[in-house]
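Visitor: Handing you this structure, nothing more for now.
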Amino acid sequence: MRMNKFNNPKAIASFTIFGLLVSWMGYILFQKIQLNNNHKITIGITIGGRATPKGFTVDYYYYVKGVKYESSRHPDNSNLNPIRNGGRYFVEFLPSDPEVNEVLWGEEVPLKIKNAPSEGWKEIPSYFP
């Protein structure tokens, strides 16, 4: 029996892996678009930092509707030095899946803001420094 490129096990495995990778990248992009278009905001608390092969990573947690979520992110600015333990930063999260989130490293949450609402804010609350 002659094998062609459509019934070769290696080719089938390659196409399958390629398809899975493209699907995964599409899903991640879809989540980022969803987060950008439909997010709420809460307060994340940093709980430490560690070096990784891709650079420094900060670990943090936040609450949505009484559920604790933990995540890690690389600070988006090399000049920024986030507080590794006990820093308070705004976190955007997807209401339909709060595990999808992004930290807003630009500034710390002001001390005047003590807590976030259980379901989060629609936008960063205004305050007067």
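Only the coordinates and a few stated rules stand behind these numbers; no lab work does. Everything numeric here is computed off the predicted structure, so don't read it as measured data. Here the Cβ is made from the backbone with ideal geometry for all residues, glycine too, and neighbour counts use every protein chain on show.
Visitor: I'm spelling it out carefully: the read-out is volume of the Cα convex hull per residue in Å³, the candidates are [x] 114; [y] 151; [z] 98, and one was derived from this structure. Which label?
Guide: [y]
Visitor: Taking loop as defined by DSSP and a crowding limit of 11 other beta carbons within 10 Å, which GluC sites (Glu not before Pro) in the range 56-129 fit?
Guide: Numbers: sites: Glu70, Glu92, Glu99, Glu102, Glu107, Glu108, Glu119, Glu123; in loops: Glu119, Glu123.
Filter output for the range 56-129: Glu123.
Visitor: Which angle from 0 to 90°, rounded to the nearest 10, does the C-alpha axis of helix 9-37 make with the longest principal axis of the chain?
Guide: Once rounded, one gets 20 degrees.
Visitor: Still on this structure, I have one more. What's the tally of Lys pairs in the chain whose alpha-carbon atoms lie under 19 angstrom apart, where the two lysines are 8 or more places apart or on different chains?
Guide: So the count works out to 11.
Visitor: Starting at the first residue of the range 39-50, write each ³J(HN,Hα) from the Karplus equation 6.51 cos²θ - 1.76 cosθ + 1.60 with θ = phi - 60°, in whole Hz, x for Gly and Pro.
Guide: 10, 10, 10, 9, 10, x, 10, 6, 10, x, x, 7
Visitor: Quick one: putting +1 on the C-beta of Lys and Arg, -1 on the C-beta of Asp and Glu, what dipole do you get for the chain around its Cα centre, in Debye to the nearest 20? Please list the in-between numbers first.
Guide: Values: 15 positive and 11 negative charges, 97 e Å.
With Lys and Arg at +1 and Asp and Glu at -1, about 460 debye.
Visitor: So which residue, out of Ile12, Ile33, Ile113, gets the largest mean-square fluctuation from a GNM of the chain using Cα contacts under 10 Å as springs?
Guide: Ile12
Visitor: Using Cα springs under 10 Å in a Gaussian network model of the chain, which residue among Phe30, Phe56, Phe18 shows the largest mean-square fluctuation?
Guide: Sorting by GNM fluctuation, first place goes to Phe18.
Visitor: Within a Cβ distance under 9 Å of Ile47, other residues only, what is the Lys/Arg minus Asp/Glu net charge? Display every interim value, and only then the final one.
Guide: Working: positive: Arg84; negative: Asp59, Glu70.
So the environment of Ile47 carries a net charge of -1.
Visitor: For Gly49, list long-range residues whose amide hydrogen, built 1.01 Å from N in the peptide plane, is under 5 Å from its own amide hydrogen.
Guide: Distant-sequence amide H within range of Gly49: Asp59.
Visitor: Using amide H atoms built in the peptide plane, which far-off residues or other-chain residues are under 5 Å from Val64 H to H?
Guide: Placed amide hydrogens put Tyr69 under 5 Å from Val64.
Visitor: Pick out which of Ser118, Ser14, Ser71 has the largest mean-square fluctuation in a Gaussian network model of the chain, springs linking Cα atoms closer than 10 Å.
Guide: Maximum among the listed residues: Ser14.
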